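Presented below is the structure to which this report refers.
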Amino acid sequence: MKFDLTLALLDRPGQLLKALEPIAKNSGNIISIIHEREKPTEGYVPVSLVVDFPSNQNFTRAISDLRTLDVAIIKSEEIVEKTRITLIMIGKIDLKKIIETKVEDGRVTGFEVSAPTSKEACVKVDLEVPISSVDKVLEEVKRAAKMENALLISSV
Amino acid sequence: MRLIIVGFGFIGRELVKAICEKLDNIKKIDNAFKIVGVSNSKGYLYNQEGLDLGELCHIKELSDYSQNHHSGSSSIQLIEEGAADLMVEATPTNIQNGEPGLTHMRHGLKRGIHVVTSNKGPLLVAFKELTSLAEENQCELLYEGTVAGAVPIFSLVKGCLQGERIFRISGILNGTTNYILSKMYFEGTSFEIALKEAQERGITEKDPSYDVDGIDAAIKVVILANAIMKRDIKFEDVERVGIRGVTQEAVSLAKKSNYAVKLVGTIDKNLEVAPKLVPINHPLCVHGTLNAIHFETDLAKELTLVGYGAGKETVSAVLNDLITVLKKKKRENIKS
């Protein structure tokens, strides 16, 4: 699990090392670190990190240990990796219903309806979803298509 | 080795021609190789000294052969009474009960005859039984020609992916539907017109449901799942949607977004045959009557095979299986 972490460290020698110890102790793997020493604000230097922790518990423990060491935490949040899914639905579709269908975790980023020359409408939908939710989102879309009696063509 | 060919339709006849052309190479592996029998539903030819390959190449019906014809006798009689070491089972596919191929294979394997086949029916309905029977009787049972014709799927997995964990297999497993969808993609024709053209060109049957409703692709999904993923599934376990509902508008809409619509069979935790959007730069995005198989594994990551999946090309797989048996038995004979 990747986390975005921004710390405010006192502009003194040894502060970065001190802040990194709780991360290492809790099995955090630092993917990137930006230490902006040339931009101190009121004696504090911002440090931005992307850290991969094996679990949420490891992350929580690291945060708690940092607080115990009086390290100021400006931002700490999980980075949710997202992917794009494109799908097409064919059928006598109620477009309003499709637009209003709430796909949990997913965000509709594109929508295109073909000018139907056949009796059946054809809709292309682009979704942005967290990678971990792809199966769940596809199941929901599948259910919605089934209810509409529409043919669903999802991407491989 | 003495070979009998059960089924003298398109594959049986083309195999005889291929063997005839490549006999010198085959004889280098097994100098005693000969075809001793050929059968179809009307009777069989048998000569323990070997049939005349030159003559066999030029006949359409077994009764056209000048001698050794046993009219009205069954393939079972040939298997039971003929002295054969190896059988190619090439009777038509029957997905209801696998017959008559299933009975032929059972009889052959019980008699210790190695079996090579391109017949999907018996493997669809009795994969476990047949592989167990082969094992019990120390026989080879090879079936490369059953899925994607000339594309060496099972040989690749058996020979080159032995240490891999395969997560997913997906593939374009039916050339007819790929031909229809390719026509719709490149020429903007409707499904109905593309289908009619496929029928006129003899790519699909008058009743196209076997292809367009995804039945053929689903059979292959079952064989791949049982043979490669070591599952124990039946035809009914495959969720199946064909391509009848795919409209020209859908194909155009997909094309505008750099996708092609393809009928894809997928084996992972789900078993599915359905039309899918395939990105045009994805290795599965092949056109015309081509087949493609895409493996996703733990070490090799992604691997794709592409080739022709039906007709004369299938003979390539059957012949390779046949040579595999000849080579293996030669090695075993040298050791013993």
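Descriptive notes on the structure:
- Among residues of segment A:86-126, those that are within 30 Å of A:M1 (Cβ to Cβ), at pLDDT 90 or above, of a type outside the set (S, T, N, Q) and surrounded by 18 or more Cβ atoms within 10 Å (Cβ to Cβ), counted: 2
- In segment B:17-63, residue surrounded by the most Cβ atoms within 10 Å (Cβ to Cβ) [restricted to those that are touching a strand residue (DSSP E or B) at 6+ places or on another chain (Cβ under 9 Å) and of a type in the set (D, E, K, R)]: B:K34
- Per-region count, segment B:295-336, residues touching a helix residue (DSSP H, G or I) at 6+ places or on another chain (Cβ under 7 Å) and acidic (D, E): 1
- Residue check for B:A300: touching a Ser or Thr at 6+ places or on another chain (Cβ under 7 Å), under 18 Å from B:V157 (Cβ atoms), in contact (Cβ under 8 Å) with a residue 24 or more places away in the chain and more than 9 Å from chain A (Cβ to nearest Cβ): no
- Inside segment B:218-277, residues that are facing another protein chain (nearest Cβ under 10 Å), among the hydrophobic types (A, V, I, L, M, F, W, C) and more than 23 Å from the chain's Cα centre (by Cα) make up a count of 7.
- Restricting B:V315, B:V278, B:V261, B:V251 to those that are out of contact with any strand residue (DSSP E or B) (no Cβ under 7 Å at 6 or more places or on another chain) and buried (at least 22 other Cβ atoms within 10 Å of the Cβ) reduces the list to B:V315.
- Picking from residues in segment A:50-70 that are farther than 28 Å from A:V129 by Cβ and surrounded by fewer than 19 Cβ atoms within 10 Å (Cβ to Cβ), the one that is nearest to the other protein chains (Cβ to nearest Cβ) is A:R61.
- Verdict on B:I76 being over 21 Å from B:E14 (Cα atoms) and of a type in the set (V, I, T): yes
- Residue, nearest to B:H107 (Cα to Cα), within segment B:64-82, restricted to residues that are touching a strand residue (DSSP E or B) at 6+ places or on another chain (Cβ under 7 Å) and modelled with pLDDT under 90: B:G82
The values are calculated or read from the model by the stated rules, or taken from the named source; none is laboratory data. This structure is a prediction, so every number in the text was calculated from the model and none was measured. FYI the Cβ positions are ideal-geometry reconstructions off the backbone, even for glycines, and counts take in every protein chain you see.
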